[in-house]
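Please treat every number below as a calculation from the coordinates, not as lab data. Quantities reported herein were computed from a predicted structural model and do not represent experimental measurements. Neighbour counts run over all protein chains shown; Cβ positions are idealised from the backbone, glycine included.
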Amino acid sequence: MAQRIVLNGTSYHGAGAILEISNEMKARGFKKAFVCSDPDLIKFGVTAKVTDLLSKENLPYEIFSEIKANPSIKNVQDGVEAFKASGADCIIAVGGGSSIDTAKAIGIIITNPEFADVKSLEGVAPTKNPCVPILAVPTTAGTAAEVTINYVITDEELNRKMVCVDVHDIPVVAIVDPDMMSTMPKGLTAATGMDALTHAIEGYITKGACEMTDMFHLKAIEIIAASLRGACENDPKGREGMALGQYIAGMGFSNVGLGIVHSMAHPLGALYDTPHGVANAIILPTVMEYNAEATGEKYRDIAKAMGVSGTDTMTQEEYRKAAVDAVKKLSSDVGIPADLKDIVKEEDIAFLAQSAFDDACRPGNPKDTSVADIEKLYRLLI
């Protein structure tokens, strides 16, 4: 069976990559940029690292910052109206997953206005036209939104996240500069880094995995395991490693899917505004134990990539435990909570489990699951 792989047309990596932003705008003939960035990034001068470069080259831009963590339908619709009024012909998304996901949804609706309700974009929407060209500049090392065909928008009326998958939304340019991530506080670095590790592990064991994406995911696990602790201490080498590792993970999972770690994390963000990376990090080891029987020898590869020695001589039970333990250790070392006791309420579990089962990530899980199984998994964590 043919395997489709969708990636950016152009990407830049490494310190100083951001200097290419003006060159890319000019080379592509863009006249005005619509800059999507969240209020905190503007407040702390991160967005200015991009807009100052545009100003220096006399490239016009307009900023849209009505973007919250776990962006809502209203954020997207407000952005669509702002884009229409701006006269821009491209979008520059500066931020983490929230800013880039909002930019994708805006860009898709501008060129496919029949999806203006936003809700109809959930799942694999039958859009016909590529979105407004997006130049994506990530400021976190986790979501890999700059290289994926996915975005997530929250339906606040129903308290649920909508996972949208569309080949028409991938940014035409990704500029992955670790210097743009250097202001991330330790907690955010840890959470987004564990999100990246979850992408790599779920992408490696998902039902849709293939040889090419396995290559991406194993290398991503290796880089992330070696880099995240240093990145949390703002070590430049760690920052650079995480910027690359999370991008490579995105090259993989975007094309083959994820699993129930993500489908269980999404409702926590929608209902409690739990940071996505924190939710993933807490849930990942428990779901790895649940999925183990459906993963063949893949946990041996994961353990080895995480830096565990002696995996070649381990029994199946030993290497599976070693993989889970290595994930738990990394999560603990970077300060991620061990459970959901301070997040999940017992009375919400039935709703959470149904939402997780209905989530677009669930079918990719290596082990077939059920609402009842997901309820049990949540209860194991509280």
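With a sphere of radius 12 Å drawn around the Cβ of THR102, what net charge do the other residues whose Cβ falls strictly inside it have (Lys, Arg +1; Asp, Glu -1)? Don't skip to the answer; put the middle values down first.
On the way: positive: LYS68, LYS74, LYS104; negative: ASP38, GLU66, ASP78, ASP101, ASP169.
Net of charged neighbours comes to -2.
Could you tell me the ratio Rg/Rh of the range 1-107? Both radii from Cα atoms, Rh via Kirkwood.
0.99
For the range 61-130, rounded, prolate or oblate, judged on the Cα gyration tensor with a ≥ b ≥ c (square roots of eigenvalues), a/c < 1.5 rounded, else prolate if a/b > b/c? Before the final figure, lay out the partial values.
Values: a/c = 1.65, a/b = 1.21, b/c = 1.37.
Oblate, since a/c reaches 1.5 and b/c is not below a/b.
What spacing in nm lies between the two simple spin-label points modelled at GLU81 and THR183, each 7 Å away from Cα in the Cβ direction?
It works out to 2.9 nm between the two label points.
Between rounded, prolate and oblate, where does the range 242-295 land on the alpha carbon gyration tensor, with a ≥ b ≥ c its root eigenvalues, rounded for a/c under 1.5, else prolate if a/b exceeds b/c? Could you put the intermediate results ahead of the total?
Working: a/c = 1.81, a/b = 1.10, b/c = 1.64.
Cα axes put the range 242-295 in the oblate bin.
Give me a comma-separated list of calculated 3J(HN,Hα) values for the range 296-313, in order, Karplus coefficients 6.51, -1.76, 1.60 applied at θ = phi - 60°, integers in Hz, x for any Gly or Pro.
So the J values, rounded to whole Hz, are x, 9, 5, 5, 4, 5, 5, 4, 4, 5, 6, x, 6, 8, x, 5, 5, 9.
For CYS361, list long-range residues whose amide hydrogen, built 1.01 Å from N in the peptide plane, is under 5 Å from its own amide hydrogen.
none
Taking 1 over the mean of 1/r across every pair of different Cα atoms in the range 186-380, what Kirkwood radius in Å do you get?
Values: mean 1/r = 0.0609 Å⁻¹.
One over the average 1/r among Cα pairs gives 16.4 Å for the range 186-380.
Taking R0 as 25 Å, what FRET efficiency do you get between ILE382 and ASP117 from their Cβ-Cβ distance, rounded to the nearest 0.05?
On the way: r = 35 Å, r/R0 = 1.41.
Using R0 = 25 Å, I get an efficiency of 0.10.
Using Cα springs under 10 Å in a Gaussian network model of the chain, which residue among GLY95, GLY269, GLY87 shows the largest mean-square fluctuation?
GLY87
Rule-of-thumb check for the range 213-305: C-alpha Rg over 2.2 N^0.38 Å? Can you show the working numbers first?
Numbers: Rg = 14.1 Å, N = 93, 2.2 N^0.38 = 12.3 Å.
Here the answer is 1.14, to two decimals.
Give the percent of DSSP beta bridges with both residues in the chain that are antiparallel, rounded to the nearest 5.
Rounded to the nearest five, the antiparallel share is 20 percent.
How long is the gain from LYS329 to MET1 if the chain were fully straight, where each residue apart is worth 0.36 nm and the alpha carbon distance is subtracted?
Details: separation 328, 0.36 × 328 = 118.08 nm, distance 3.83 nm.
Fully extending the segment from LYS329 to MET1 adds 114.3 nm.
Of all the C-alpha pairs in the range 140-269, what % are more than 22 Å from each other?
Tail of P(r) above 22 Å: 35 percent of Cα pairs.
Output wanted: per-residue J couplings in Hz (rounded whole) for the range 235-245, from phi through Karplus 6.51 cos²θ - 1.76 cosθ + 1.60, θ = phi - 60°, x for Gly and Pro.
6, x, 5, x, 4, 5, x, 5, 4, 6, x
What does the charge add up to near ALA141, with Lys and Arg as +1, Asp and Glu as -1, over the other residues with Cβ less than 10 Å from its Cβ? All intermediate terms of the calculation are to be shown ahead of the outcome.
Numbers: positive: ARG239; negative: ASP195, GLU240.
For residues surrounding ALA141, the net value is -1.
Using the Kirkwood radius over Cα pairs, work out the Stokes-Einstein diffusion coefficient for the range 271-382 at 25 °C and 0.890 mPa s, in µm²/s as a whole number.
Details: Rh = 15.1 Å.
It comes out at roughly 163 µm²/s.
Evaluate the charge dipole of the chain about its Cα centre and quote only its size in Debye, nearest 20, assuming +1 on the Cβ of each Lys and Arg and -1 on the Cβ of each Asp and Glu. Write out the running numbers ahead of the final one.
Numbers: 35 positive and 51 negative charges, 113 e Å.
Approximately 540 debye in magnitude.
Write down, largest first, the equivalent ellipsoid semi-axes of the range 10-181 in whole Å, where each equals the square root of 5 times an eigenvalue of the alpha-carbon gyration tensor.
On the way: eigenvalues 115, 54, 45 Å².
Whole-Å semi-axes of the equivalent ellipsoid: 24, 16, 15.
Hey, in the GNM for the chain with a 10 angstrom Cα cutoff, which one of LYS104, LYS161, LYS328 fluctuates hardest?
Between LYS104, LYS161, LYS328, it is LYS328 that shows the largest mean-square fluctuation.
Where the centroid of each part is defined by its Cα atoms, how far is the range 117-132 from the range 140-190 in Å?
The two parts, judged by their Cα centres, are 17 Å apart.
Search the structure for amide H atoms under 5 Å from the amide H of GLY95, placed 1.01 Å from N in the peptide plane, and list their residues when 5 or more places away or on another chain.
Result for GLY95 returns VAL137, THR139.
Between the range 203-256 and the range 272-343, what is the C-alpha centre distance in whole Å?
15 Å
Report the number of Lys pairs in the range 186-380 whose alpha-carbons are under 16 Å apart, with separation of 8 or more residues or on distinct chains.
Summing the qualifying lysine pairs gives 14.
Which angle between 0 and 90 degrees, to the nearest 10, do you get for helix 73-86 versus the longest principal axis of the chain when only C-alpha atoms count?
Taking the Cα atoms of the chain, the angle to 73-86 is about 20 degrees.
With no solvent and one equal point scatterer placed on each C-alpha of the chain, evaluate the Debye formula and give log10 I(q)/I(0) for q = 0.13 Å⁻¹, two decimals.
The Debye formula, applied to the Cα set alone, gives -1.00.
Can you work out the Karplus-derived ³J(HN,Hα) for every residue in the range 134-150? Use 6.51 cos²θ - 1.76 cosθ + 1.60 with θ = phi - 60°, whole Hz, and x for glycine or proline.
The phi angles translate into 10, 10, 9, 10, x, 10, 10, 10, x, 6, 6, 4, 5, 10, 9, 9, 10 Hz.
What is the local net charge at GLN3, summed over the other residues whose Cβ is closer than 15 Å to its Cβ (Lys, Arg +1; Asp, Glu -1)? Before the final figure, lay out the partial values.
Details: positive: ARG4, LYS207; negative: GLU211, ASP214.
After counting each charged neighbour, the total is 0.
So which lysines pass the test for LYS84, namely a Cα distance under 30 Å, with those fewer than 8 places away in the same chain ruled out?
Counting by Cα, and skipping residues close in sequence, LYS84 has these lysines nearby: LYS26, LYS31, LYS32, LYS43, LYS49, LYS56, LYS68, LYS74, LYS104, LYS119, LYS128, LYS161.
Only Cα pairs within less than 10 Å get springs; with that Gaussian network setup on the chain, which residue of MET25, MET314, MET264 has the largest fluctuation?
Largest GNM mean-square fluctuation: MET314.
If you place +1 on the Cβ of every Lys and Arg, -1 on the Cβ of every Asp and Glu, and leave all else neutral, what size is the dipole of the range 288-351 about its Cα centre, to the nearest 20 Debye?
Working: 9 positive and 14 negative charges, 54 e Å.
Taking the Cα centre of the range 288-351 as origin, the dipole is about 260 debye.
Rounded to the nearest 500, what is the 222 nm mean residue ellipticity of the chain from helices alone, with -39500 (n - 2.57) per DSSP H run of 4+ residues and division by all residues?
Numbers: 14 runs with 188 residues, N = 382.
So the helix-based figure for the chain works out to -15500 deg cm²/dmol.
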